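See structure below.
The values are calculated or read from the model by the stated rules, or taken from the named source; none is laboratory data. None of these values were measured; they are calculated from a predicted model. No Cβ is skipped: glycine too gets one built from the backbone with ideal geometry, and neighbour counts run over all protein chains shown.
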Amino acid sequence: MNIQIDFTLNGRAVSIDAPAHVTLLRLLRDYLNLTGTKEGCAIGECGACSVLLDGRVVNSCLVLAPQVSGRDVMTVEGLAPVEGAMSDLQAAFVKYGAVQCGYCTPGLVIAGEALLRDNHFPTRDEINDGIAGNLCRCTGYQQIVDAIEQTARQRAAAQVKE
Amino acid sequence: MTPPIIQAIMTVGTSLPRIDALSKVTGEAHYPGDLVMPGMAHAKVLFARRPHARVISIDASAARAMPGVLAVFTGADLPVNEYGLVLFDAPVMVAPAASAATETSFDGVVRHEGEKIALIVAETEKIAARARDLITVIYEDMPVIASIHDAVKPDAMQIHPHYAGNLMHEYRIRRGDIDAGFAGADVIIEDTYFTGAQEHAYLQPEAGLAYVDEAGRITVQVAGQWVHEDQEQIAHALGLPKDQVRVIYPSIGGAFGGREDMSVQIVLALAAWKLNRPVKIIWTREESIIGHHKRHPMWAHARLGARRDGTLVAAEVTLIADAGPYAYTTTKVLGNATVMCVGPYVVPNVAINSRAVVTNNIPSGAFRGFGAPQALFVAETQMNKLAAALGVDAVALRLKNLLRDGSITVNNTPIPPGCTITDVVQKCVAAAAVAVSAPAISGQAGSRFVTGRGFACGHKNIGFSFGAPENCAATVELHGKTTVERAVVYHAGADCGQGAHTVFLQVAAETLGLPIEKITLVASDTATSGSSGSASASRLTFMASHSIVGAARAALDKWREGERPAVAHFVYRPRATTPMDPITGEADPNITYGYVAQSADIVIDRETGQFHVRRLVCADDVGRAVNPQQVVGQIEGGVVQALGWTGLENFAQRNGKVLSQHFSTYLIPSVFDVPDVVDSVLVENPDPHGAMGIRGMAEMPFLVVAPAVVAAIHDATGVWINELPITPERLRAALQK
């Protein structure tokens, strides 16, 4: 049975018909062609499908699509200020070598963004807590934590200037 | 003729951002599962899910009759129903005996749980999944042989017609006089070891899209490690000439050896060929875990003899690897383990016997380190026990016995020039300020938390071994009128995440004297490049840099001669290697080696049996770091993957059935499981075999984490652990003994 789902996606109003049982992950990938959000396990164990739901990080494989009706969803595609550019956190992932195969990267960028919105001055331990639900098999995580830490510092410095 | 202006542009040696990083952080990069085409159908595999059974019949009539189902393919649809990297000894899909379209050696027997039975293609993934449930397969279950010990019992059932006595392969090394060697030993260390299977757990499960391209070629876009090998395997099974098959790699979500063998490639190609329609498949995590091979579990018995002054006099090792039912790369992995199992030392008297044994477990195959981590776990733990027994410093004991240029190896030939392990060990020790002796137990007894430090070092081949054909092709095109304005590099090499494509461009930029922005890379497509060989054996940076330097120089020569555009093709062939003599093991087995030394500082919770690495120092001779940031990424990632194998990753199989099919039961390291600090020490002694001195490095950080941790556990507690993974249960039990 199809159902109409109205929600905000990456700052834009979206209205889409989809079966009521599909997950948010499938809705994004199969119905909205936003393939930046990845499936690594489909049962909430790896974090590759992380998105922001009303600003909080969720595993989109564990959210049913109709649950996002009237709510705000942000995916990796929505983080950059303009298309073709990168957010400061995305740029830090590039700069600090936090990307290898890149399959976990969208989820980790989302988890990092959620953390930084919540906590402007995270310690490395707090960054670890923030990305603990996201598995990466390539990097050993240090360069990812570096990228998030440096972005926090940049944002704090920018706030002081303002 | 105006010569091209070769600017001194420094690109090699700088940490340029990866060329694929922007597309990966923004989500624009396409992995195989992200690809779509108009009219695309969806496929599902029916797996046997039983470890040993004869297929009596497959009835897919109900599935075929289901609306939306386009086809159900079985092994009978494959012209040549077989695949395999070193031997064609595995069926693509198990079909009842004598049903195949052409003769093969296969007999309708399922030999492991992940064996494929059928491919269902439908308009949607959901219909394909439902139709899969309608297929009736009648099996006759057979006795399951789930351990190497059961497999070699005299009355054990033969699992595979090719492998009598369930013995797949064996090697033998004899150097000097082993009995005289041990007779002259003042101390002999003797023990038995076991290392477990490891799942690659790349975050991107197997996926692919196959279609017929504009030139009529059956094209498969997939994640793999060697496009031309995939092409050959597909062409072989479909009974087609290679040029009618094309393989392209989009972004690859990790590989680590786990994508060397076939997963979805052949079945997807079959479907696109028969249906003349694009067909896509994505495996679930569970399908990925049962559907591809694992790191070989290995059992070893080892004796090591030394004189009181620490000079090694004799080493004897028996090594048995669980191959699972098919060869995959087992013969090569076992060869590597055989060469590496006494460590990077001069040992005058050596006797090694190694065997690969056939079981009904998931097949074993390539995984970062390719047999060397298992072998070095044995060799280095033996060395650390010897140091403890002699009461000498573990590093000093190494320095006394390490291979040096001119040293004779276990294969009775000199180690290739550029043997720098002494320098690597010293640099690691300096970085860690290691004062390795083992008196750390006193003062800690009774405390819940105890600390310890351990050391280990090792070596591993770079490039293919034992006389396997080894080469790598590149093409370079130079465009412009009076000066070279831009260049195009064509290279088949796979970037599995290790950064190979960025490295290719850095090497090209340096050789051509062009800014990297003016060079385009056309990569990983059998239609546009010659074979690169695989992204494996720490070989791709080593081999590809040679090929690109060669092609770039040849293109510059043509440019000077006035050719516009100047196009040059170059195939790099390193010095030849030789296979091991079956009786003595004598060989010149490898082109060159990489060298690593590691020091681990750990803390152990004696109550829970958990250990945590506080600091891990890894010194790795990379020859020349083309991109230091990417090298550090390989070291940090390799160390953590090795720590997973050492302490966390318990790939559980019971009676041939995989029990750990999810990340909730197969635990790979999360951010909480990594060392507090990984210190990467980049040693840069130019390799005499390398272009610009470049040496391969990606496997080295994995090699000796486990024995360093085991030594640290001994340093902290006085207990030796001989079995991996060192789960909390195991460690706690050992501490309570």
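Out of all the residues in the stretch B:408-434, which are of a type in the set (Ser, Thr, Tyr) and surrounded by fewer than 15 Cβ atoms within 10 Å (Cβ to Cβ)?
Kept after step one, since they are of a type in the set (Ser, Thr, Tyr), are these residues of the stretch B:408-434: B:409, B:413, B:420, B:422.
Hit for the stretch B:408-434 is B:Thr413, nothing else.
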Only one of B:Asp620, B:Asp581, B:Asp605 is of a type in the set (D, E, K, R), over 16 Å from B:Val677 (Cα atoms) and in contact with a Pro (Cβ under 8 Å, 6 or more places away or on another chain), namely B:Asp620
Of (1) within 27 Å of the chain's Cα centre (by Cα); (2) closer than 26 Å to B:Gly480 by Cβ; (3) not hydrophobic (A, V, I, L, M, F, W, C), B:Glu561 satisfies every one except (1)
Exactly one of A:Glu77, A:Glu83 is farther than 14 Å from A:Asn134 by Cα, out of contact with any helix residue (DSSP H, G or I) (no Cβ under 7 Å at 6 or more places or on another chain) and not in a helix (DSSP H, G or I), and that residue is A:Glu83
By residue number, the members of the stretch A:64-79 that are crowded, with 19+ Cβ neighbours inside 10 Å, of a type in the set (A, V, I, L, M) and out of contact with any Phe, Trp or Tyr (no Cβ under 9 Å at 6 or more places or on another chain) are A:Met74, A:Val76, A:Leu79
Checked against (1) within 12 Å of chain B (Cβ to nearest Cβ); (2) in a helix (DSSP H, G or I), A:Pro66 satisfies every condition except (1)
Just one listed residue, out of B:Val317, B:Val378, B:Val358, is assigned by TED's automatic domain parsing to the domain that holds B:Ile408, more than 16 Å from the chain's Cα centre (by Cα) and under 23 Å from B:Thr420 (Cα atoms), and it is B:Val378
A careful count of residues in the stretch B:613-669 that are within 12 Å of chain A (Cβ to nearest Cβ), over 27 Å from B:Glu380 (Cβ atoms) and either among the basic types (Lys, Arg) or free of Cβ contacts under 8 Å to residues at least 40 places away in the same chain (or both) gives 2
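Can you go through B:Ala146, B:Ala201 and tell me which one is within 14 Å of another protein chain (Cβ to nearest Cβ) and among the small types (Gly, Ala, Ser)?
Details: B:Ala146 fails: within 14 Å of another protein chain (Cβ to nearest Cβ).
Going through B:Ala146, B:Ala201 in turn, just one is within 14 Å of another protein chain (Cβ to nearest Cβ) and among the small types (Gly, Ala, Ser): B:Ala201.
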Filtering the stretch A:93-135 down to residues that are at the interface with chain B (Cβ under 7 Å from one of its Cβ atoms) and part of a loop (DSSP other than H, G, I, E, B) yields A:Gly97, A:Val99, A:Gln100, A:Cys101, A:Gly102, A:Tyr103, A:Cys104, A:Ile131, A:Ala132, A:Leu135
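Per-residue answers, yes or no, for (1) at pLDDT below 95; (2) within 30 Å of B:Lys24 (Cβ to Cβ); (3) touching a Phe, Trp or Tyr at 6+ places or on another chain (Cβ under 9 Å):
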| site | (1), (2), (3) |
| --- | --- |
| B:Arg246 | no, yes, no |
| B:Gly257 | no, yes, yes |
| B:Ile266 | no, yes, yes |
| B:Pro278 | no, yes, yes |
| B:Ile290 | no, yes, yes |
| B:Pro325 | no, no, yes |
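Tally up the residues in the stretch B:271-286 that are within 11 Å of another protein chain (Cβ to nearest Cβ) and over 19 Å from B:Ala366 (Cβ atoms), please. Lay out the reasoning, then the answer.
Kept after step one, since they are within 11 Å of another protein chain (Cβ to nearest Cβ), are these residues of the stretch B:271-286: B:282-286.
Of the ones still in play, those that are also over 19 Å from B:Ala366 (Cβ atoms) are B:282, B:284-286.
Residues meeting the conditions: 4.
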Considering residues that are of a type in the set (Val, Ile, Thr) and facing another protein chain (nearest Cβ under 8 Å), the number found within the stretch B:670-682 is 3
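Quick check on this structure: which one of B:Gly33, B:Gly68, B:Gly39 is of a type in the set (Gly, Ala, Ser) and within 14 Å of chain A (Cβ to nearest Cβ)?
Details: B:Gly68 fails: within 14 Å of chain A (Cβ to nearest Cβ); B:Gly39 fails: within 14 Å of chain A (Cβ to nearest Cβ).
None of the others qualify; the one that does is B:Gly33.
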Of (1) in contact (Cβ under 8 Å) with a residue 24 or more places away in the chain; (2) part of a helix (DSSP H, G or I); (3) within 14 Å of another protein chain (Cβ to nearest Cβ); (4) surrounded by fewer than 22 Cβ atoms within 10 Å (Cβ to Cβ), B:Arg730 fails just (3)
Filter the stretch A:139-161 for residues that are under 16 Å from A:Thr123 (Cβ atoms) and polar (S, T, N, Q); the one that is farthest from the other protein chains (Cβ to nearest Cβ) is A:Gln150
Restricted to the stretch B:13-30 and to residues being hydrophobic (A, V, I, L, M, F, W, C) and more than 7 Å from chain A (Cβ to nearest Cβ), the residue nearest to the chain's Cα centre (by Cα) is B:Ile19
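Just the residues that are in contact with a helix residue (DSSP H, G or I) (Cβ under 8 Å, 6 or more places away or on another chain) and part of a loop (DSSP other than H, G, I, E, B), please, taken from the stretch B:281-296.
B:Trp283, B:His296
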Residue pairs qualifying under the 7 Å Cβ cut-off, at least six apart or on distinct chains, with the first in the stretch B:344-373 being farther than 13 Å from B:His459 by Cα and in contact (Cβ under 8 Å) with a residue 12 or more places away in the chain and the second being of a type in the set (Lys, Arg) and assigned to a loop (DSSP other than H, G, I, E, B), are B:Asn360/B:Arg111
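Per-residue answers, yes or no, for (1) touching a Leu at 6+ places or on another chain (Cβ under 8 Å); (2) among the hydroxyl-bearing types (Ser, Thr, Tyr); (3) free of Cβ contacts under 8 Å to residues at least 12 places away in the same chain:
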site: B:Leu119; (1), (2), (3): yes, no, no
site: B:Ile138; (1), (2), (3): no, no, no
site: B:Pro143; (1), (2), (3): no, no, no
site: B:Ala156; (1), (2), (3): no, no, yes
site: B:Val187; (1), (2), (3): yes, no, no
site: B:Gln198; (1), (2), (3): no, no, no
Sole miss for A:Ala158 among (1) touching a residue at least 12 places away in the same chain (Cβ under 8 Å); (2) closer than 25 Å to A:Asn10 by Cα is condition (1)
When every residue in the stretch A:34-63 that is surrounded by fewer than 17 Cβ atoms within 10 Å (Cβ to Cβ) and not in a loop (DSSP other than H, G, I, E, B) is compared, the one nearest to the other protein chains (Cβ to nearest Cβ) is A:Leu62
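Condition first: buried (at least 23 other Cβ atoms within 10 Å of the Cβ) and assigned to a helix (DSSP H, G or I). Can you find one or more residues in the stretch B:557-564 that meet it? Write out each step before concluding.
Narrowing the stretch B:557-564 to residues buried (at least 23 other Cβ atoms within 10 Å of the Cβ): B:559.
This time we only want the ones that are assigned to a helix (DSSP H, G or I), so: B:559.
Yes, the stretch B:557-564 contains a residue that is buried (at least 23 other Cβ atoms within 10 Å of the Cβ) and assigned to a helix (DSSP H, G or I).
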Q) Can B:Asn685 be described as assigned to a loop (DSSP other than H, G, I, E, B), more than 20 Å from B:Phe367 (Cα to Cα) and more than 10 Å from chain A (Cβ to nearest Cβ)? A) yes
